[in-house]
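Undergrad: Below is a structure I'd like to ask you about.
The values are calculated or read from the model by the stated rules, or taken from the named source; none is laboratory data. On a predicted model such as this, the values are computed, not experimentally measured, just so you know. Note: ideal-geometry Cβ built from the backbone for every residue, glycine included; neighbour counts use all protein chains shown.
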Amino acid sequence: MTTHIGLLRAVNLAGHRKVGMADLRALLVGLGMQDVRSVLQSGNVVFRSDVHTTTQLEGLLGDAAAKRLGIETDFFVRTASDWKAVIAANPFPEETERDPSHVVTVFLKERPDRADVAGLQRAITGRELARAEGRHLYVVYPDGIGRSRLTLALIERKLGTRGTGRNWNTVLRLGALAGAS
């Protein structure tokens, strides 16, 4: 069995798309996942599965959540070894050391092409820094995330793919739980 990390997109935000973590864990257990653990209330799970690809798991989990929990949302699944590579590929080590809560990794459904990444770079109007590595976008928000104009909606529009973000503290916490850090 392989250890995976699953991220739900846009749940438990301002009372929208409410998902209880106990319900989420029960959903995964009901699908045959093992050692299911949730982290925080924002839809982060670590589990073991013998389903072979992350794409298969994303589809299985998304369908099951719609049917059993009544929520339509994207799942982003990475293996523990994928997660370790995400941590290692961080292009902003100084920023994550200095202020990890202002560094976000956006997990993407698809790898963006260079032209789209360049378009995103041109769309940045503040002091944010963004670098793409495979199916991940690393963003530094030196002036804070809440007031930034570099929103997930803008990132998705410019890159042409869906995503969900986690701050660096959460990335490291999930990595530790999955044995990937």
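Undergrad: Collect the residues in the stretch 63-79 that are crowded, with 18+ Cβ neighbours inside 10 Å and in a helix (DSSP H, G or I), keeping them in residue-number order.
TA: Those that are crowded, with 18+ Cβ neighbours inside 10 Å and in a helix (DSSP H, G or I): Ala65, Leu69.
Undergrad: Scanning the stretch 22-41 for residues that are buried (at least 18 other Cβ atoms within 10 Å of the Cβ) and within 18 Å of the chain's Cα centre (by Cα), which turns out farthest from Asn167 (Cα to Cα)?
TA: Applying the first criterion (buried (at least 18 other Cβ atoms within 10 Å of the Cβ)) to the stretch 22-41 yields 24, 27-28, 33, 36, 38-39.
Next, from what is left, pick out any that are within 18 Å of the chain's Cα centre (by Cα): 24, 28, 36, 38-39.
Numbers: Leu24: 21, Leu28: 24, Val36: 22, Ser38: 16, Val39: 13 Å.
Here the answer is Leu28.
Undergrad: Exactly one of (1) touching a residue at least 24 places away in the same chain (Cβ under 8 Å); (2) of a type outside the set (Asp, Glu); (3) more than 25 Å from Leu60 (Cβ to Cβ) is unmet by Arg114. Its number?
TA: So the condition that Arg114 fails would be (1).
Undergrad: Looking only at the stretch 56-81, count how many residues are free of Cβ contacts under 8 Å to residues at least 60 places away in the same chain and either basic (Lys, Arg) or under 18 Å from Gly165 (Cα atoms) (or both). Spell out the reasoning first.
TA: Keep residues of the stretch 56-81 that are free of Cβ contacts under 8 Å to residues at least 60 places away in the same chain, which gives 56-70, 72.
Right, trim to either basic (Lys, Arg) or under 18 Å from Gly165 (Cα atoms) (or both) and you get 58, 62, 67-68, 72.
Result for the stretch 56-81: 5.
Undergrad: Here is a follow-up. Quickly run through the stretch 59-79 and pick out the residues that are within 13 Å of the chain's Cα centre (by Cα) and under 22 Å from Ala22 (Cβ atoms).
TA: Within the stretch 59-79, the first condition is being within 13 Å of the chain's Cα centre (by Cα), and the residues that meet it are 73-79.
Thr73, Asp74, Phe75, Phe76, Val77, listed by residue number.
Undergrad: Turning to a different aspect of this structure: Quick check on the stretch 42-62: of everything there that is in a helix (DSSP H, G or I) and either touching a His at 6+ places or on another chain (Cβ under 9 Å) or of a type in the set (D, E, K, R) (or both), which residue is surrounded by the fewest Cβ atoms within 10 Å (Cβ to Cβ)? Steps first, answer last, please.
TA: Restricting attention to the stretch 42-62, the residues satisfying the condition of being in a helix (DSSP H, G or I) are 54-62.
Retained after the next criterion (residues that are either touching a His at 6+ places or on another chain (Cβ under 9 Å) or of a type in the set (D, E, K, R) (or both)): 54, 57-58.
Details: Thr54: 20, Leu57: 24, Glu58: 17.
Looking at the filtered set, the residue picked out is Glu58.
Undergrad: Test Val29 against the criterion of being more than 30 Å from Asp143 (Cβ to Cβ) and assigned to a strand (DSSP E or B), and give yes or no.
TA: In short, no.
Undergrad: Okay, moving on. Name the helices (runs of 4 or more DSSP H) wholly within the stretch 80-181 that hold at least 1 residues that are within 15 Å of the chain's Cα centre (by Cα)?
TA: Filter on the stretch 80-181 gives 80-88, 152-159, 168-178.
Undergrad: Collect the residues in the stretch 13-60 that are at pLDDT below 90 and in contact with a Phe, Trp or Tyr (Cβ under 7 Å, 6 or more places away or on another chain), keeping them in residue-number order.
TA: Answer for the stretch 13-60, where residues must be at pLDDT below 90 and in contact with a Phe, Trp or Tyr (Cβ under 7 Å, 6 or more places away or on another chain): just Leu28.
Residues checked against (1) hydroxyl-bearing (Ser, Thr, Tyr); (2) over 17 Å from Leu8 (Cβ atoms); (3) modelled with pLDDT under 95:
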{"residue": "Leu137", "(1), (2), (3)": "no, yes, no"}
{"residue": "Gly144", "(1), (2), (3)": "no, yes, yes"}
{"residue": "Lys158", "(1), (2), (3)": "no, yes, no"}
{"residue": "Thr170", "(1), (2), (3)": "yes, no, yes"}
{"residue": "Arg173", "(1), (2), (3)": "no, no, yes"}
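Undergrad: Which residue pairs have Cβ atoms closer than 7 Å, lie 6 or more positions apart in sequence or on different chains, and pair a first residue in the stretch 141-153 that is in the same structural domain as Leu120 (by TED's automatic domain parsing) with a second residue that is surrounded by fewer than 14 Cβ atoms within 10 Å (Cβ to Cβ) and in a loop (DSSP other than H, G, I, E, B)?
TA: Pro142/Arg127; Asp143/Gly126; Asp143/Arg127; Ser148/Gly126; Arg149/Thr125; Arg149/Gly126; Leu150/Gly126
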